[in-house]
Each structure stands twice: as structure tokens, then as C-alpha cells.
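All remarks here apply to the structure that follows.
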Amino acid sequence: MRYWKGSIALSPTQDYPLLQQVLRSNFVTHRQLYDLLRLDYHATSRNAFNNRVRRLVKHQYLVRDEIALRRDGYVYSISDIGASELIGLGEYYTGPTRRPKDGQLPRGVYHALELNQIHLALKRSQQLVRWMYDTEIHSRNELTDNRYAKDYDAVVTVRNDGGERTFALEYERTPKARKEYLDISANIAAERAVDRFLYLVPNYDLISFLVGCFATLRRPIYFGLARDFLDKLFDMPLRGARPGAMTTLRNVLR
């Protein structure tokens with residue numbers, strides 16, 4: 001098959017998985033993108049991966065930015081062309097396909113990059129069965145009756161003690177207003193699609209604040225440090241919303 005000069009032929013086994021990963025991650029560093037694709041067996045050669053990414057940037061399927069003070073190189077997001085291509089293939093996506101007019105990166109970029117680290121920790125553990133991205137959750141909530149009560153950061157299924165367990169995951173990098181958490185608590189109380197809830201945060205003060213906000217919630221909701229998740233994973237310590245002893249993620253998932 002012949003192509004117009006300057007056009008690009010996208011590979012279903014190489015280019016599409018790469019574009020899907022960028023769209024689903026919202027923002028992803030060069031190193032994170034390679035690791036995510038490698039763990040899913042969509043990348044084996046670092047040089048081939050680098051060339052493929054450069055090609056997709058050149059043809060404007062990806063947007064490349066440099067983030068100050070990060071050591072992982074470039075940060076990628078999907079372009080309007082890339083998003084439109086994937087939507088045409090059936091990708092679950094209801095978000096914007098265009099960058100803000102001012103071209104500035106949103107503040108949520110660091111939230112996305114740190115959430116990628118949480119995702120990678122689970123993938124490397126080989127206990128991850130499924131990570132439902134927020135793009136799919138948003139699509140399901142907006143377009144179907146089979147919805148979740150909240151737009152979670154992810155809905156995660158893992159193997160634990162010979163079975164599979166699913167929980168809703170929130171990475172709370174910065175606090176919301178207390179009133180917002182009261183609304184979120186009401187949503188979680190009404191949730192029927194998932195029965196365990198995990199908040200990961202950067203410091204103990206935020207854990208204390210969240211525990212107070214969710215104190216009246218009678219659902220299994222737990223709070224822990226993101227760095228403990230990265231270091232200890234299923235053995236990380238967790239605190240519940242109700243008074244009681246500390247537990248671990250492994251116990252919560254039993």
C-alpha cells in the first residue's frame with residue numbers, strides 16, 4: 001500500500017497501544033511510558049520505542065512538554081489528532097480533544113505523573129488483574145446506567161490470597177474543602193459497584209483531615225501514605241475512618 005508523502009502509517013500493535021496509554025494516563029513521562037508498555041509487552045527495544053515516540057510527536061499525534069525539576073525527561077499527552085484517532089477505534093473517552101487555548105499545562109499534571117507511579121508499582125508486583133482508568137470510568141458514568149457513584153482515579157482489581165479483590169482508588173495530592181468531602185462521602189455511601197475504597201495521600205496531616213471528613217461513613221474506606229504504597233505495597237499500613245487499630249492493605253483485601 002502506498003501513502004501520501006509526509007503521512008504516517010500507524011501500527012495496530014505498536015502505535016495504537018502507545019497512543020492509548022498516553023490518553024489513558026492523561027500525562028506520562030518518557031520513562032513511565034516505556035515501563036508501562038514494556039510491562040504489557042508492547043515495547044522491548046528502548047531505541048525502537050524512542051524512535052516511535054519521536055515519530056508520533058513529529059506527526060502531531062502526541063504533545064511533548066518539558067516539566068521543570070523533573071528528571072524523567074519529556075512529558076507526553078495526547079493531541080486532538082491522537083484522541084480523535086482513538087475515539088474512531090472505539091476508545092472509551094469523553095474528555096476534551098484539544099489543548100487549552102493558552103497552551104499551558106493544567107495543574108493536574110503532577111497528580112497524573114504520581115498516579116502513574118502507583119499504577120507501575122502494582123504492575124511490577126504481578127498481582128494486578130485490571131486497572132480501570134479514569135477515562136473509562138468517566139465514559140461509563142456519563143453515558144451508561146451502569147455507573148459508579150463517583151469518578152474515581154481508578155478502579156483496581158488485584159489477586160490476593162488466591163482470589164480477586166476490587167477497590168476504588170483515589171490519589172489525593174492536595175485537599176479539597178471539607179464540604180466537598182461530605183458530598184463525596186454521600187456518593188460513596190450510595191456506591192453499589194465496588195465495596196472497598198482506598199485514599200492515598202502524601203502526608204499524615206492530610207490523612208488526619210480525611211479521617212475526620214469521612215468519620216460518619218459506614219463503608220470500608222482506608223487511608224495511607226502514597227510512599228508506603230510504593231515501598232511496601234500490600235503490607236503498607238492503613239488507617240480506617242472509624243477508631244481502631246491500624247491494618248494493612250493485604251488485610252483490607254481479604
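Over the stretch 35-89, what is the relative contact order in whole percent, taking alpha-carbon pairs under 8 Å and six or more residues apart? Contact order relative to length: 23 percent.
Report the calculated FRET efficiency for residue 71 and residue 127 (r = Cβ-Cβ distance, R0 = 25 Å), to the nearest 0.05. Please report the intermediate quantities before stating the final value.
Details: r = 28 Å, r/R0 = 1.12.
Efficiency, rounded to the nearest 0.05: 0.35.
Dipole of the stretch 100-218 computed with +1 at Lys/Arg Cβ and -1 at Asp/Glu Cβ about the Cα centre; of 135, 121, 146, farthest Cα towards the positive end is 121.
When the Kirkwood hydrodynamic radius is evaluated over all pairs of different C-alpha atoms of the stretch 33-187, what value in angstrom, to one decimal, is obtained?
Details: mean 1/r = 0.0561 Å⁻¹.
With all distinct Cα pairs of the stretch 33-187 included, I get 17.8 Å.
Net charge near residue 191: determine it from the other residues with C-beta under 14 Å of the C-beta of residue 191, scoring Lys and Arg +1 and Asp and Glu -1.
+3
Remark: the residue 117-residue 45 segment gains 23.8 nm on full extension, using 0.36 nm per residue and subtracting the alpha carbon distance. The calculated pair-distance distribution of the stretch 123-186 uses every alpha carbon pair, bins of 5 angstrom beginning at 0, and gives 4, 15, 20, 22, 19, 13, 7, 1 percent.
The value of relative contact order for the chain, using C-alpha pairs under 8 Å at least six residues apart, is 12 percent. For the stretch 167-254, a Kirkwood hydrodynamic radius built from all Cα pairs, placed in the Stokes-Einstein relation at 37 °C and 0.692 mPa s, yields a translational diffusion coefficient of 252 µm²/s.
Note: relative contact order over the stretch 30-166, using C-alpha pairs below 8 Å and six or more positions apart, is 17 percent.
Please get the size of the charge dipole for the stretch 211-254, origin at its Cα centre, with Cβ charges of +1 on Lys and Arg and -1 on Asp and Glu, quoted in debye to the nearest 20. Before the final figure, lay out the partial values.
Values: 8 positive and 3 negative charges, 45 e Å.
The dipole of the stretch 211-254 has a size of about 220 debye.
Placing unit charges on each Cβ (+1 for Lys and Arg, -1 for Asp and Glu) gives the chain a dipole about its Cα centre, and among 87, 177, 30 the Cα reaching farthest toward its positive end belongs to 30.
Charges were assigned to the Cβ only: +1 to each Lys and Arg, -1 to each Asp and Glu. The resulting dipole of the stretch 23-165 about its Cα centre is roughly 560 debye.
Peptide packing for 209-217, 23-31 was compared via the average number of neighbouring C-beta atoms within 10 Å per residue; ordered from the highest value, the list is 23-31, 209-217.
Any read-out appearing in this document is the output of simple, stated calculations on the displayed coordinates, not a laboratory observation. Just so you know, these numbers come straight off a predicted model, no measurement behind them. Methodologically, a virtual Cβ is constructed for each residue, glycine included, from the backbone with ideal geometry; neighbour enumeration extends over all protein chains shown.
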